Amino acid sequence: MHDFENFFSIISDYSKVGYAKINLLDHTGFAVRQWYRNLGESHDTPLTDIIGIFSHMHPDDRKSVLDFYEKAKAGTERFFDGDLRIRPADGSDRWNWIHKSSMVTAYQSPNPRLELVEVNYDITVQKETEAELRAARDKAEESNRLKSAFLANISHEIRTPLNAIVGFSDLLMTVDDPAEQEEFRRTIQKNNTLLLQLFSDIIDLSKIDAGSFEYTPKPVCLYQFCAMMVQKMRNKVSEGVELQIDEDSPLDAWFSADSGYLNQVVTNFMSNAIKFTHRGTITVGYRIDARQQFEMFVEDTGIGISIENQEAVFDRFMKVDSFVQGTGLGLPLCKSIIEKMGGHIGVISELGKGSRFWFTLPAFSCIPTR
């Protein structure tokens, strides 16, 4: 047996397998250095300060080991096999994993003795690999679920304007009243625009998801950009709603951005504000702070968004009001664009009082004011 212990002492340093032979009654015995290391203990720590204490072991795992010891002493159980969490000897907060196998054997001798033979080895890498595989599996399952939900939603979103286009096109052929014909044409055109926007959003999202996002920043005069956006959207607002530029936005601020994507995000913000604001104001503005951090926002005095809906408003196909036409992809697309540019996006809203949609972009994109 002594030769075996010497042999195990040599190979344990290479295999990282710890071995110990212990008298379970008085906690004395022999253990190789690797056994101590695997338990997070120093090799010169007395066995009597380790057995039954296991100060580096997770409390739940320690209980299972101590329960086994009691059953072994009672003669009701001889084997233990399990995975245990151990704090490493360096004092870090992480948990390492070891696998521990134990076997007890009673020996008849002048002194009562209950011998415990233990083998332990580190399985931290294995556990981390298992966790990564589970995460990958869960991600794949979630991806499949989202794809199924996407197809279900997209079929509905396509069918709705398409039915209107087909239906009113048929009706257009049956009426003679010019006013009625013009109303049908406007309805067809409105749904045609909605359908084209849906396809455009799907294509843009697909490009971003596929990693083919191309960002070409160029200097943009922010005040001129906001003035252009206000002019473009002015004829779409309800009567009694004022569309304006925030008066605190600096006139001479410039920003390095892809104007196409900037236009796309702000257009989505303003379109949503126009849909849900029937009186008051819609304000577009921007800020550049002392750290050259850039923020742009669209603020309205519309119906607002409940707290529970604020959490999901950037989810795909999420609509605050299902009776208002829209693709349900605009804000998710904005989120993807801003995050790809290294920024953040969000909303501050109070139901019945209005909303403020905002995004920030990194300081490196700012150009000193002129």
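The values are calculated or read from the model by the stated rules, or taken from the named source; none is laboratory data. The structure presented is a predicted model; accordingly, all values stated were derived computationally and were not measured. Quick reminder, even Gly has a Cβ in these numbers, built from the backbone with ideal geometry, and neighbours come from all protein chains shown.
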**OP:** Test Asp83 against the stated conditions and say whether it is of a type outside the set (A, V, I, L, M, F, W, C), in a strand (DSSP E or B) and either more than 18 Å from Gln126 (Cβ to Cβ) or at pLDDT 95 or above (or both).
**Re:** yes
Original post:
Can you name the residue in region 161-218 that is hydrophobic (A, V, I, L, M, F, W, C) and outside any helix (DSSP H, G or I) and, of all such residues, is nearest to Leu331 (Cα to Cα)?
Top reply: Phe213
**OP:** Give just the number: which of (1) more than 24 Å from the chain's Cα centre (by Cα); (2) among the hydrophobic types (A, V, I, L, M, F, W, C); (3) modelled with pLDDT of 85 or more does Ala290 not satisfy?
**Re:** (3)
**OP:** Inspect all residues belonging to region 134-148 and state whether any of them is closer than 30 Å to Gly18 by Cβ and in contact with a His (Cβ under 8 Å, 6 or more places away or on another chain).
**Re:** no
Subject >> Residues that are more than 21 Å from Ile274 (Cβ to Cβ) and part of a helix (DSSP H, G or I), drawn from region 329-349 >> reply: Ser336, Glu339, Lys340
Original post:
Going by the structure shown, is Ser256 part of a loop (DSSP other than H, G, I, E, B), touching a helix residue (DSSP H, G or I) at 6+ places or on another chain (Cβ under 7 Å) and closer than 30 Å to Glu339 by Cβ?
Top reply: no
Subject >> Breaking point among (1) assigned to a loop (DSSP other than H, G, I, E, B); (2) out of contact with any helix residue (DSSP H, G or I) (no Cβ under 9 Å at 6 or more places or on another chain); (3) modelled with pLDDT of 90 or more; (4) of a type in the set (Asp, Glu), for Glu41 >> reply: (2)
Subject >> Pairs where the first residue, in region 207-235, is on the phi < 0 side of the Ramachandran plot and modelled with pLDDT under 85 and the second is surrounded by 13 or more Cβ atoms within 10 Å (Cβ to Cβ) and part of a helix (DSSP H, G or I), C-beta under 6 Å, 6+ apart >> reply: Ile208/Ser336; Phe213/Lys340
Original post:
Of the conditions (1) assigned to a loop (DSSP other than H, G, I, E, B); (2) surrounded by fewer than 17 Cβ atoms within 10 Å (Cβ to Cβ), Ser249 fails just one. Which one is it?
Top reply: (2)
**OP:** Confirm whether Phe314 is modelled with pLDDT under 90, exposed (fewer than 13 other Cβ atoms within 10 Å of the Cβ) and not hydroxyl-bearing (Ser, Thr, Tyr).
**Re:** no
**OP:** Might you let me know whether region 161-180 holds any residue that is touching a residue at least 12 places away in the same chain (Cβ under 8 Å), farther than 20 Å from Ser271 by Cβ and within 34 Å of the chain's Cα centre (by Cα)?
**Re:** no
Original post:
Among the residues of region 44-63, is there at least one that is at positive phi and either part of a loop (DSSP other than H, G, I, E, B) or outside the structural domain of Ala131 (by TED's automatic domain parsing) (or both)?
Top reply: yes
Subject >> Positions within region 269-287 being in a strand (DSSP E or B) and either over 28 Å from the mean Cα position of the chain (by Cα) or surrounded by 21 or more Cβ atoms within 10 Å (Cβ to Cβ) (or both), in sequence order >> reply: Gly280, Thr281, Ile282, Thr283, Val284, Gly285, Tyr286
Subject >> Candidate set from region 350-370 (those that are under 16 Å from Pro250 (Cα atoms) and assigned to a loop (DSSP other than H, G, I, E, B)); member that is modelled with the lowest pLDDT >> reply: Arg370
